[in-house]
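What follows is calculated from the coordinates using simple rules that are stated; it is not laboratory data. Note that the structure is predicted; figures quoted are calculated from it, not measured. Backbone-built Cβ (ideal geometry, glycine too); neighbour counts: all protein chains shown.
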Amino acid sequence: MTGAPRAALVEVRRLTGPNVLLDGAGAVADVVFGAEPGDAVVEAWRAAARRILDAVGWGGEATAVR
């Protein structure tokens, strides 16, 4: 994407049980953008996560954005 905000992956970690985002265990990827990401950027991340989950047979898993 031309003009898209630059992103940096800060941390990835496991959540071993219920948390503020999900009712059960999961994983978190903390990403920082050089500018406030627009809805299109957030939706692109969601779509990419969904493709990965579907590809590994985890299509029923939830995603969350905060």
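Inter-label distance, Arg50 to Glu11: 2.9 nm, where each label sits 7 Å from its Cα along the C-beta direction. GNM remark for the chain: springs join alpha carbons under 10 Å apart, and the peak mean-square fluctuation among Val41, Val12, Val28 falls on Val12. Once backbone amide H atoms are built at 1.01 Å from N, Leu15 has Gly26, Ala27, Val28 as its partners under 5 Å, excluding neighbours fewer than 5 places away on the same chain. Placing a label point 7 Å from the Cα of Trp58 along the Cα-to-Cβ line, the residues of segment 9-48 whose backbone N sits under 15 Å from it are 12-18, 22-30, 46-48. Under a 5 Å amide H cut-off, with hydrogens placed 1.01 Å from N, Val31 pairs with Val10 among residues at least 5 apart or on other chains. Just how many % of Cα pairs in the chain lie over 17 Å apart, if you round to the nearest whole percent? Counting every Cα pair in the chain, those more than 17 Å apart make up 49 percent.
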